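Read through the structure below, which is laid out as structure tokens, and then see the notes.
Values quoted throughout were computed directly from the atomic coordinates according to the rules given, and no laboratory measurement underlies them. This one's a predicted model, so the numbers in the text were calculated from it and none came from an experiment. Note: ideal-geometry Cβ built from the backbone for every residue, glycine included; neighbour counts use all protein chains shown.
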Amino acid sequence: MEVNKKFPFATRSLTLLVIAVGIILILTWIGFYNYQSIARLDMEINELNTKINTHQSYAPMTKQLFERMKVKAQRTLPLPAKAKLSGEQKDRISILFKDMAQKTKMELVSVSPDINSLVGGSPAMLVHATVKGDFYSFRNFLIELGDQPYLEKVEEIEIQQVPGTKEFRLKVWLAVG
């Protein structure tokens, strides 16, 4: 028993030393973990700075592209006063459509009025028209068609891909008098 009485200080010191080493190891582990977290955050910050610099270098070009996209409409959509086709104009429907197609750089393939739509005193005549071209020209063609005072309505538009271009088939109702 005397041995235990001789070394109580040593046992207490050894216990304190083990606890101190444990605390140091825990603090070292926490520090190492925080160091890794900080290193990871630094890498993310560097990546984001690189992306920001890249975007800033593209900013002038992006600004120019947005300015080019803001092309103003060359003209507003027409809303003419309503009128009816006269007898002479009914005979010239193909010429009217040909003129509209030429103005809009489209190729007129065919125009065929449906005479059966006039039977029974109908106030409108159905016309089947086919034009070739691109979408932008077709848009202009529709604007030009809408500018005609005798247009009642566009019933149907059918688009078909043809080698080298597109073919647009329209069913249009025209007011007749």
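Taken along the Cα-to-beta-carbon direction at a fixed 7 Å, the label points for LYS84 and GLN64 span 5.8 nm. Spread over its residues, the convex hull of the C-alpha atoms of the stretch 50-144 is 155 Å³ per residue.
Summarising the overall dimensions of the stretch 2-69 from its C-alpha atoms, the Rg and Dmax are 29.1, 98 angstrom. Working from Cα pairs under 8 Å separated by at least six residues, relative contact order for the stretch 87-175 is 28 percent.
Averaging the sequence gap over all C-alpha pairs within less than 8 Å and six or more residues apart, then dividing by the number of residues, gives the chain a relative contact order of 20 percent. Using the average count of surrounding beta-carbon atoms within 10 Å as a protection proxy, the listed peptides 131-143, 106-118 rank, highest first, as 131-143, 106-118. Where both bridge residues fall in the chain, DSSP classifies roughly 95% of the beta bridges as antiparallel. When each of the peptides 154-162, 95-103 is scored by the mean number of other C-beta atoms lying within 10 Å of its residues, the order from highest to lowest reads 95-103, 154-162. Maximal additional length on extending the ASN49-ARG12 stretch stands at 7.9 nm, based on 0.36 nm per residue less the C-alpha distance.
Counting only DSSP H runs of at least 4 residues, each contributing -39500 (n - 2.57), and dividing by the residue count of the chain, the helix-based mean residue ellipticity at 222 nm comes to -18500 deg cm²/dmol. The ASP134 and ILE95 beta-carbon pair, evaluated with R₀ = 22 Å, returns a calculated FRET efficiency of approximately 0.40. For the chain, place one equal point scatterer on every Cα, skip the solvent, and apply the Debye formula. What is log10 of I(q)/I(0) at q = 0.11, 0.12, 0.15, 0.18 Å⁻¹? Scattering profile of the chain, log10 relative to I(0): -0.70, -0.75, -0.95, -1.15. Full extension of the segment from GLU167 to ILE26, taken as 0.36 nm per residue of separation minus the current Cα-Cα distance, would add 43.0 nm.
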